[in-house]
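Student: Take this structure, written in structure tokens, and hold onto it; I'll ask about it next.
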Amino acid sequence: MSRHRSRPAPAACLLTLVTLLTACGGGGGGDGDRLAAVDPVPPGSSGGIGGSGISTSGTITGSGSIFVNGQRFAIDQATITVDGEPASEAALTLGMIVSVSGSIGDDDGDGSADRVTARTALRGPVASLERGSNDRSLQLRVFGTAVIVERDGTVFEGTDFAALTAGMQVAIDGLPGADGRLRGTRVSAVTDSDTAILTGTATLVDGATFLLGEQPVNAAGAMFEGLPEGLADGRRVQVRGSLSDGVLRAARVSAIGTPADDLSEGAALRLEGRVAGLGDGTFLLNGIPVLPGDAERLPPELLIEDGAVVEAAGRWNGEALAAQTLTARRGTLRLAGAVNAIDSDAGTLALQLPNAVVTLSTDRRTLIEDRQNDLPFPTLADLRSGDQVAVEALRSNGSLLATRIDRGAETPARVLQAPVEAFTAPATITLLGITVAVDGARFQSAVATDIDAAAFFDNLSVGALVRTVDDDGDGRAERVAFQFPLALDGELAFRDDQALPATGDRALPAAVASAVAAEAPGRATAGAWLGEEGYEVVLVDGTRLFFELDGRFLNGTGPSAPAAAKNPGKDGDIPGNPGDNPGSGGEVPGNGGGTPGGPGENPGQGPGSGDGEAPPGG
């Protein structure tokens, strides 16, 4: 079982820094002086590390310079390598995971990179592909590694979400999770299929043969890099080679270190990744232990959950990162509409929805993708009034902060997803201060099963996360669906061998059913799920309740979870499955495969995927 923890965490005055972060930056059309968003340094961006060395790793969101956690680095003098080969700046692309080492000036301003290293997580044929029923996420497999791909949360090159199919050759960068899956940050179509790449943790090493996840590897005659004592179980490596008769025949096996490998005790460290291994006062980011302690949370409402994409900043104590700040890197608010106005100097974007104009702020962490004109590194200044955009956002300091902006995204024209502020059954709901007419809409539970209006409003409460889709722009939603409040698209959408719907012979025992009624009185169940060590029960409104096999209630998340269970603390226990954590691109460490996984996928009965909104055409 994986342990859920939620700890506070604080802005820092850092002296040396190693960072695993989302990079944000400018260069629309190749102009390295243009920023992805507002130029003023956001809070906590550099933390007072002027005059120090710095090592960072994260997702590229700009060219001509690289922004990592709001820190800008010039790379014109840097040595650049991609998968072990010398490369130019042109090889660094949006969504790619890179590691950067360099320095920051005494004025705590822009930095200068000495070295930029990129390592692809996966490159090879798509063996299988499953689409979520809401068509906002899919899961594909390459060399046995599962990858979550988001319609609006993944960067695409040479392909798009709708065009991905089994048999395609792809290259993938992403963030590893406790359940062994990658959350794809970038998916590229590959025309040259000669070179296969797989990053992961070696197991069952026997001479020249070993496994990376499920993939057999034969390294006879291969060149080994960074492995002076040879390969051993538990070592993180990247393998380059070719696939033959189901075996990856390695030409090169390269060791992958961690950002903490060369740190002295007390050095500053900053990591971005997907939360894993929640335990007694600790969790993992990319295999590195993090001690949240009393760290400041940004925003203050941040909950630390398995699979959440967060940034932790603090100091290395020789064994773990003692966090000073914990920052959310992905949002659960969704908006789609036409651009009403842009203020590049202020870093704001006004979005026209049917009943209102919504203004969002941006910062150096905001990722902007252009699927309309295919600009390689778009900036806020590249957007125009009337452009159709999909925006992911979170609340920050009383305003809406855009974490991601997609121009020309393949998404319904008008979307509003946010916690419910008020409602009048059966006619209206209010989200972000906007009242939306919903009478006559198609309603769905959080696991994407159809429900009627009466069931929707019977289970609705203020604070529930709800998605509305207005197809024709008349201010009346055609589709309305509950959402899981803490899960990104695809996190709960796909079947897992270790967790099965609790139906038939696996039906909920009476003790669990009674406990559900006691913990969430009056709320309807949308589905139930049996893991190796307990049950997960999903309510219609997206609440998730967790129980031991004997029916003892453990904890829960969501609008109908008991108040004491929403921040489960050190004793929270959630059914999950062990993960291999195959790693991302970049020099990002895995956890060796022993990390307990987060809750599995497809938590429900019936056809729903677990991500919310109805399938297209509904």
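Student: Taking the stated definitions as given, is D173 outside the structural domain of A390 (by the TED database), more than 19 Å from the chain's Cα centre (by Cα) and within 28 Å of G84 (Cα to Cα)?
Tutor: No: the conditions fail for D173.
Student: Turning to a different aspect of this structure: Of the residues G331, G386, only one is within 30 Å of L291 (Cα to Cα) and assigned to a loop (DSSP other than H, G, I, E, B); which?
Tutor: Criteria check complete, one pass: G331.
Student: Quick check: is even one residue across the stretch 452-469 open to solvent by less than 40 Å² (accessible area, probe 1.4 Å), at pLDDT below 95 and more than 29 Å from V149 (Cβ to Cβ)?
Tutor: no
Student: When both residues are 6+ apart or on different chains and their Cβ atoms are under 6 Å apart, which pairs have a first residue that lies in the stretch 136-153 and is charged (D, E, K, R), and a second that is part of a strand (DSSP E or B)?
Tutor: Here the result reads R141/S128; E150/S137; D152/A390; D152/D406, each pair linking the stretch 136-153 to a residue that is part of a strand (DSSP E or B).
Student: Determine if the stretch 112-132 includes at least one residue that is outside the structural domain of R365 (by the TED database), over 27 Å from Q483 (Cβ atoms), open to solvent by less than 10 Å² (accessible area, probe 1.4 Å) and at pLDDT below 85.
Tutor: Yes: one or more hits.
Student: Also, I was wondering about something else. Of the residues that make up the stretch 364-387, is at least one over 26 Å from V149 (Cβ atoms), open to solvent by less than 30 Å² (accessible area, probe 1.4 Å) and at pLDDT 90 or above?
Tutor: Looking through the stretch 364-387, none of the residues is over 26 Å from V149 (Cβ atoms), open to solvent by less than 30 Å² (accessible area, probe 1.4 Å) and at pLDDT 90 or above.
Student: Would you mention how many residues in the stretch 257-291 are at negative phi and surrounded by fewer than 24 Cβ atoms within 10 Å (Cβ to Cβ)?
Tutor: 15
Student: Let me ask another. Output the strands (runs of 3 or more DSSP E) that fall wholly within the stretch 260-318 and possess 2 or more residues being charged (D, E, K, R), or say none.
Tutor: 268-279, 296-298, 309-316
Student: Same structure again: For T449, indicate whether it is modelled with pLDDT under 95 and within 19 Å of P485 (Cα to Cα).
Tutor: For T449, the condition - modelled with pLDDT under 95 and within 19 Å of P485 (Cα to Cα) - is met.
Student: Just a yes or no: is a residue in the stretch 229-239 aliphatic (A, V, I, L, M) and buried (at least 23 other Cβ atoms within 10 Å of the Cβ)?
Tutor: So far as the stretch 229-239 goes, yes, one or more of its residues are aliphatic (A, V, I, L, M) and buried (at least 23 other Cβ atoms within 10 Å of the Cβ).
Student: From D374, D363, grab the single residue that is within 22 Å of the chain's Cα centre (by Cα), under 23 Å from I405 (Cα atoms) and not in a strand (DSSP E or B).
Tutor: Just one listed residue meets the conditions, D363.
Student: Being in contact with a Lys or Arg (Cβ under 9 Å, 6 or more places away or on another chain) and closer than 19 Å to A455 by Cα is the filter here, so list the residues in the stretch 528-558 that pass it.
Tutor: Of everything in the stretch 528-558, those that are in contact with a Lys or Arg (Cβ under 9 Å, 6 or more places away or on another chain) and closer than 19 Å to A455 by Cα turn out to be A528, V537, V538, L539, V540, D541, T543, G558.
Student: Evaluate the stretch 486-500: report whether one residue or more is more than 27 Å from T185 (Cβ to Cβ) and surrounded by 22 or more Cβ atoms within 10 Å (Cβ to Cβ).
Tutor: No - not one qualifying residue is present in the stretch 486-500.
Student: Could you list, in sequence order, the residues of the stretch 390-415 that are aliphatic (A, V, I, L, M), modelled with pLDDT of 90 or more and over 20 Å from the mean Cα position of the chain (by Cα)?
Tutor: Within the stretch 390-415, just V415 meets the criteria.
Student: If I ask for residues that are assigned to a loop (DSSP other than H, G, I, E, B) and either open to solvent by less than 10 Å² (accessible area, probe 1.4 Å) or at negative phi (or both), which ones from the stretch 189-227 would you list?
Tutor: V190, T191, D192, S193, D194, T195, A208, E214, A219, A220, A222, L227 - these are the residues of the stretch 189-227 that are assigned to a loop (DSSP other than H, G, I, E, B) and either open to solvent by less than 10 Å² (accessible area, probe 1.4 Å) or at negative phi (or both).
The values are calculated or read from the model by the stated rules, or taken from the named source; none is laboratory data. It should be emphasised that the depicted structure is a prediction, and the values quoted were computed from it without experimental measurement. A quick note on method: Cβ atoms are made from the backbone with ideal geometry, for glycine too, and the neighbour counts reach across all protein chains shown. Just so you know, the surface numbers come from the protein's heavy atoms only, side chains and all, with ligands and any DNA or RNA stripped out. Shrake-Rupley method; radii C 1.70, N 1.55, O 1.52, S 1.80 Å.
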